[in-house]
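Remarks on the structure that follows.
The values are calculated or read from the model by the stated rules, or taken from the named source; none is laboratory data. Not measured: the values here are computed from a predicted model. For neighbour counting, all protein chains shown are included, and Cβ atoms are generated from backbone atoms with ideal geometry for every residue, glycine included. Side chains are part of the model used for accessible areas, which takes the heavy atoms of the whole protein and leaves out ligands, DNA and RNA. Shrake-Rupley method; radii C 1.70, N 1.55, O 1.52, S 1.80 Å.
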Amino acid sequence: MLLVNGLGVEGVGLTEEMVTSAYVHIPFCRRRCFYCDFPISVLGDRIQGEASGSIVQYIEVLGREIALTKPTAPLETIFFGGGTPSLLAPSQLGLILDALAAQFGIREGAEISLEIDPDTFTLEQVQGYQALGVNRFSLGVQAFQDELLHRAGRSHSREDIFQAVGDLRQGGIVNFSLDLISGLPGQTLTEWEESLKEAIALAPTHISCYDLVLEPVTAFGKQYEAGKHPLPSDEITAQMYRTARDLLTSAGFEHYEISNYAQKGWQCRHNRVYWENRPYWGFGMGAASYVGGRRLTRPRTRREYYDWVEGLSLGTGETEGDVISECDRLLETLMLGLRLSEGLKLANFSPEITQKILTGVQPYIQQGWVIYSPHSTRLQLTDPDGFLFSNTILSDLFNLFS
Amino acid sequence: MTDVPVSRIRNFSIIAHIDHGKSTLADRLLQATGTVEDRKMKQQFLDNMELERERGITIKLQAARMLYKDQAGEEYVLNLIDTPGHVDFSYEVSRSLVACEGALLVVDASQGVEAQTLANVYLALEQNLEIIPVLNKIDLPGAEPERVIQEIEEVVGLDCSQAILASAKEGIGVPDILESIVHLVPPPRDTVKEPLRALIFDSYYDAYRGVIVYFRVMDGRVKKGDRVRLMASGKEYQIDELGVLSPHQIQVDELHAGEVGYFAAAIKAVEDARVGDTITLANSPAPEPLPGYTEAKPMVFCGLFPTDSDQYEDLREALEKLKLSDAALSYEPETSTAMGFGFRCGFLGLLHMEIVQERLEREYDLELITTAPSVIYRVTTTAGEIFEIDNPSQLPPATNREKIEEPYVAVEIITPEDYVGTLMDLCQTRRGIFKDMRYFAQNRTTLVYDLPLAEVVTDFFDQLKSRSRGYASMEYHFIGYREDALVKLDILVNGDQVDSLAMIVHRDKAYSVGRALVEKLKELIPRHQFKIPLQASIGTRIIASEHIPALRKDVLAKCYGGDISRKKKLLQKQAKGKKRMKSIGTVDVPQEAFMAVLRLE
């Protein structure tokens, strides 16, 4: 519970929330996609799994990092993100899970997610992951048009998507998610609709739709300008957002977060931890953790990350992270919580803070972008308009409290 | 301090371009004469303002008294009077040169003569100063003393047979320089018996003692406790403290003709003791003041507005304080529909403007929005009245205007030959009138143009530097008002006229400036939830229009693997940007938009 008063800050809650989630970053990829600025390591098209010395070494260091962490409660969610975690052999994933189990324990019924990419895994691999306890797969589909996939620098084809989903199904997996990107260069509204319909037809439990963000360091960032040809205009990408929302909700998906849709009961438990501003571990290169009120992002290259883990074992270097001030915690709670369609309850804040927030969002309530329910004290952005202008609303709230 | 015969005094200054090593040489002279002990030496003793040290230039002049025993064993008093190294302060330069009998002309042996140096040399020649050429930095690999000597002889017309080769950094040539000062620079005229006349060449404000006045006694003598009159301001003061600069202040009881010193007399602001004014004794005044006094007049104006309207009072206090030590600064309150309450400020030139802005932001911790610089226009109405206006919004309606005149300056540019074409092009596009072109020395050309000052204050210097890859230098001086076909260009954002974006421009350029401006504004003003028309107009006639399409989305896709820091930073940046914006009607306009006028190509 936040105890911020109107004037500033009043002490952090004394009881610290238990950490029961872990994000593990697997940085390896065949190549770098043109829109990607994640911390990754490119391996090329041939080598993966135990054949890759780089992966072997990384897992060894990752294991050390986990073992050097102070033990907390047993984990309820684990998320292997990347990168392309499906470049790991099941045995390698097993080593990491063993390390986590040894350090924290893994609770029965924990959600264990794995990001996988088409054309990087076999049916046997899926069965191997499953046997280790992985129970949620997130498939990086991005688009259903070969031309668009090629232009985005993806290393798989449309056909590979069907093959991948076929393998998941054959492995008896029901709980899988598909990732899609809107706003790709040259992408038309029609193509976007096709992708959505094809995704729906594959009957996943969960779909994520990301509007392309041009990051300056990426190939796209250097080549294109946001909203300018060949990228679709803001008018079109805003329309894509609305189309996704219309098609997916009519197909029975719940739009539970700005970019995420799920069939009833299949929301991603791990990602909800972020949005509810609860603590989590982060392991691996570039991974971010939020433990004990401190946020820490690990170094983004392998060399620096290895040195950092070395420092961790020697007790030197920056391993604690930045303390999040009470005011920042409030802003983060708002920034993350308002991503969820259910929003957040203002009852968690002091009456002064609540009043200040309500004053700040008043014009947006009038405009129909924000809803406040006095009885439940729930503050929500509306779908789709409130979501589409969430930064406008949030930046006002940021100014209110800084 | 013992009484020094006038014949043993030498007053000199150093003329040099920025970076040619003036301050380093001054430091060496202080060390070589034992004025400042080596261990107390901090680099560049004379430039003691933080800003000056950062930029490596001298803005405020300083002085230093040195004792020197020449090779024949005779003792001399040398007074170094430093000069500011920028054209904005040419009046101050001329006053400190008047206080001297000689000058060292310091030229970088690998660079050669620059426009600014030339302008100051001419000032020195006008005062009949003995000029000693010093080629500095001869230890550097690129040094070409022969070429540079030839250049000085050809351009300046100075005899360089006695030029000194030096490296201030390495201490080379320093003894020769000291000997030359003693033997080439003439002593001051011995007018000790005449009524007191002392020339103010600088002053600064001290919070405890009031204004500290730096002066050179031209005639007569002055004592501690004397009641003095400043002949231009007519004000009288009792001298509380009298002294010399070594370079620290050392109190003395009396100074006589030829000597340089300072006094304090509870003077409240430097405008009461302006540079160039003559000090005389109140009870036996000199019949005539020293010639050449003028009041430094602001030439360039701009609006300064606090970003945060709560800082208006702070800004007013800061300007008041700066004004105490800067007589050339002028300011008066201004209200703008777009920017709220602020001040219209007048400066000697662009550098002066920049210095004041920086000091306000740095020393007084203010966040400011600065409007585009402008000049004073002279407007004659159909009724025959003449107005001087420094703000386009004061312009009477077109129907009531008989004519508009604008200030012109003569600009002298020195450049390597390769850039002559592009610099002539620059002057032409800035409505320049070609006056002269001279080739001198190797690969060096002088260009002389008459230009409207308004064209010089908007980005001209940056353009000059970028077009010549930094090689060209320039100097300008005011030559008078001239009538031009000038019009007022208005900018409308969402139908609202924006005072702070209005400009006075030449009719022939109005269309292209208007177009460029609306295009720039289209880039700089963020999208809003509605479509925003942008227009440029002359009177009621729209000459250019654009529009900013409505905002369709403002959302970030994803937080990667729980790393929320970047999303938070983006939001903070957006929030901060919003805060710095000013509302015009329902449109939020960022500060850069108000600066857009400055950066038009």
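Here are a few things to note about the model shown:
- Calculated FRET efficiency for the pair A:Q223/B:I433, C-beta based, R₀ 30 Å, to 0.05: 0.05
- Counted by Cβ distance under 15 Å from A:G252, the other residues give a net charge of +1, where Lys and Arg count +1 and Asp and Glu count -1.
- Value of relative contact order over region A:138-293, rounded to a whole percent, pairs C-alpha under 8 Å and six or more apart: 19 percent
- Between A:E235 and A:D119, the contour length at 0.36 nm per residue exceeds the alpha carbon distance by 38.4 nm.
- Tensor-based shape of region A:248-381 (alpha-carbon gyration tensor, a/c under 1.5 rounded, otherwise prolate or oblate): oblate
- Inter-site label distance for A:L95 and B:H547 at 7 Å from Cα along Cβ, in nm: 6.2 nm
- Averaged over the residues of A:230-237, the number of partner chain Cβ atoms lying within 10 Å of the residue Cβ comes to 2.
- Net +/- balance of residues flanking A:F398 in space, Cβ distance below 12 Å, scoring K and R +1, D and E -1: +4
- When peptides B:105-116, B:136-147 are ranked by their average number of other Cβ atoms within 10 Å per residue, the highest-first order is B:105-116, B:136-147.
- Column: log10 I(q)/I(0), Debye, Cα scatterers of region A:76-211, q = 0.12, 0.14, 0.17 Å⁻¹: -0.48, -0.63, -0.89
- Largest first, the extents of the alpha carbon coordinates of the protein assembly as shown on the three principal axes equal 113, 73, 60 Å.
- Separation in nanometres of the label points that stand 7 Å from Cα toward Cβ, at B:Q150 and B:R8: 4.5 nm
- Candidates A:L184, A:L247, A:L93, ranked by Gaussian network fluctuation over chain A, Cα under 10 Å, top entry: A:L247
- Top positive-direction residue, dipole computed over chain A with Cβ charges, set A:G105, A:M285, A:C36: A:G105
- Accessible carbon and sulfur surface of region B:329-413 relative to its total accessible area, %, 1.4 Å: 48 percent
- Between 0 and 90 degrees, the angle of helix B:565-579 with respect to the longest Cα principal axis of chain B falls at about 80 degrees.
- Unpartnered cysteines - no second Cys beta carbon under 4.7 Å - across chain A: A:C29, A:C209, A:C268, A:C327
- Across the options B:H547, A:Y261, B:F387, the greatest Cα extent toward the positive end of the charge dipole of the protein assembly as shown (unit charges at beta carbon of Lys, Arg, Asp, Glu) belongs to A:Y261.
- Gained length - B:D508 relative to B:V448, 0.36 nm times residue gap less alpha-carbon distance: 19.3 nm
- Three-way shape call for region B:455-601 based on the alpha-carbon gyration tensor, with the a/c threshold at 1.5: oblate
- Basic side chains Lys and Arg get +1 at the Cβ, acidic Asp and Glu get -1 at the Cβ, and with that the dipole of region A:284-394 about its Cα centre reaches some 160 debye.
- Other-chain or far-sequence residues with amide H under 5 Å of B:I584's (modelled H): B:V589
- Axis of helix B:174-184 versus longest Cα principal axis of chain B: the two differ by about 70°, to the nearest ten degrees.
- Under the criterion of Cα pairs below 8 Å and six or more residues apart, the relative contact order for chain B equals 10 percent.
- Other protein chain C-beta atoms within 10 Å of residue C-beta, averaged over A:389-397: 6.
- Global form of region A:93-169, assessed from the alpha-carbon gyration tensor, a/c cut-off 1.5: prolate
- A Förster distance of 41 Å, applied to the separation of the beta-carbon atoms of B:K531 and B:S466, puts the FRET efficiency at 0.70.
- Straightening the chain between A:E320 and A:E276 buys 13.6 nm, computed as 0.36 nm per residue apart minus the Cα-Cα spacing.
- Straight-distance crosslink candidates among lysines, where the alpha carbon sits under 19 Å from B:K573 and sequence neighbours closer than 8 are dropped: B:K553, B:K558, B:K582
- Under the convention that each Lys and Arg Cβ holds +1 and each Asp and Glu Cβ holds -1, the size of the dipole of the protein assembly as shown around its Cα centre is about 2000 debye.
- Most positive-pole-ward Cα, A:L330, B:Y214, A:Y372, against dipole of the protein assembly as shown from beta carbon charges: A:Y372
- A:L189 paired with B:E361, simple spin-label distance in nm, labels 7 Å along Cα-to-beta-carbon: 4.5 nm
- Total formal charge among the other residues, if their Cβ is under 11 angstrom from that of A:R136, Lys/Arg +1 and Asp/Glu -1: -1
- Peptide B:565-577, shielding by other chains (average Cβ, 10 Å cutoff): 5
- Across A:I258, A:I26, A:I371, mean-square fluctuation computed from a Gaussian network of chain A (C-alpha pairs under 10 Å connected) peaks at A:I371.
- Förster-model FRET efficiency, 56 Å R0, B:S393 and A:A251, C-beta, rounded to 0.05: 0.40
- Per residue, in Å², the accessible surface of the protein assembly as shown once ligands and nucleic acids are set aside, probe 1.4 Å: 41 Å²
- Here chain B is assigned +1 on the Cβ of each Lys and Arg and -1 on the Cβ of each Asp and Glu. Its dipole about the Cα centre then comes out at about 2420 debye.
- Here the accessible area is traced with a 1.4 Å probe on the protein chains. For chain A, carbon and sulfur cover 53 percent of it.
- Summed over both chains, the accessible area lost when B and A associate is about 3200 Å², using a 1.4 Å probe.
- Amide N proximity, region B:256-270 versus B:D240 label position 7 Å along Cα-to-Cβ, cut-off under 11 Å: B:264-268
- Structure-based [θ]222 nm, chain B - -39500 (n - 2.57) summed over DSSP H runs of at least 4, per residue, nearest 500: -7500 deg cm²/dmol
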